[in-house]
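See below for the structure under consideration.
The values are calculated or read from the model by the stated rules, or taken from the named source; none is laboratory data. Keep in mind the model is a prediction, meaning the values are calculated, not measured. Note that we place each Cβ from the backbone using ideal geometry, even for glycine, and neighbour counts take in every protein chain shown. Just the protein is used for accessible areas: all its heavy atoms, side chains included, with ligands, DNA and RNA removed. Shrake-Rupley method; radii C 1.70, N 1.55, O 1.52, S 1.80 Å.
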Amino acid sequence: MDHIFPRADGVLIGGVKLDGDWRRELDPAISADIIRRTSTIESGIAEAKVRGEFPGLRPGRAQVRLELEQRPSPSGPAVIHNYGHGSVGYTLSWGCAEEVAALAREFV
Ligand SMILES: Cc1cc2nc3c(=O)[nH]c(=O)nc-3n(C[C@H](O)[C@H](O)[C@H](O)COP(=O)(O)OP(=O)(O)OC[C@H]3O[C@@H](n4cnc5c(N)ncnc54)[C@H](O)[C@@H]3O)c2cc1C
């Protein structure tokens, strides 16, 4: 999971994959380990100023839920569910958006 992304406002480094861990608090041991691991790739990271940290959650399901539901069924307003993409939400976003738009068009 090691990654180093240069960005306009700094460098983003990470990360970890911990199944079933939904903590939103920072874990200093994990932060230190990310810096240690990425420093073996780019030594300057060890000396760099930390400008911010965040825990990133990747809620996923065995299969993405993408469906239209009418609440109350069968004649109520539509809710289109589109979630559970885990760690591939960007990758799937265009295809899922097209499916959502098609469901919405069909409904109206
Ligand atoms: C560390 C990390 C790395 C990742 N790397 C990749 C990758 O390399 N490739 C990839 O394909 N995917 C990656 N993902 C997954 C990807 O980020 C997600 O799958 C994707 O962002 C999900 O999109 P979304 O629009 O469903 O949810 P989000 O991107 O979470 O968007 C939900 C939005 O709703 C807003 N919101 C929440 N509650 C409310 C409320 N009550 N009222 C108003 N607004 C609200 C939030 O602020 C947020 O802007 C990564 C995720 C993480 C955490």
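So with the 1.4 Å probe, I'd like the accessible area per residue for the chain, rounded to whole Å². All intermediate terms of the calculation are to be shown ahead of the outcome.
Numbers: 8480 Å² over 108 residues.
On a per-residue basis, 79 Å².
Within the P(r) computed for region 35-81, what percentage of the Cα pairs occupies the region above 12 Å?
On the way: 828 of 1081 pairs.
For region 35-81, the share of Cα pairs beyond 12 Å comes to 77 percent.
On a 0 to 90° scale, report how tilted helix 89-107 is relative to the longest principal axis of the chain, with both axes built from alpha carbons and the result rounded to the nearest 10. In the chain, helix 89-107 runs at an angle near 10 degrees to the longest axis. Only helical runs count toward this figure. For the chain, summing -39,500 (n - 2.57) over DSSP H runs of n ≥ 4 and dividing by all residues gives -9500 deg cm²/dmol at 222 nm. Per atom type, region 60-107 shows carbon and sulfur on 55% of its accessible surface, probed at 1.4 Å. The local environment of S31, defined by Cβ-Cβ distances under 12 Å, has a net charge of -2 under the rule Lys, Arg +1 and Asp, Glu -1. Plainly put, region 1-51 has a radius of gyration that is 0.97 times its Kirkwood radius, both from alpha-carbon atoms, as the Rg/Rh ratio.
Across the alpha-carbon set of region 60-107, the Rg to Rh ratio works out to 1.03, Rh being the Kirkwood radius.
May I ask you to rank Y90, Y83 by accessible area, largest first, using a 1.4 Å probe over the protein chains only? Intermediate results must be reported in sequence, preceding the final value.
Numbers: Y90 205, Y83 95 Å².
So, going from the largest accessible area down, we get Y90, Y83.
With the gyration tensor restricted to C-alpha atoms of the chain, the semi-axes of the equivalent ellipsoid amount to 39, 15, 11 Å, longest first.
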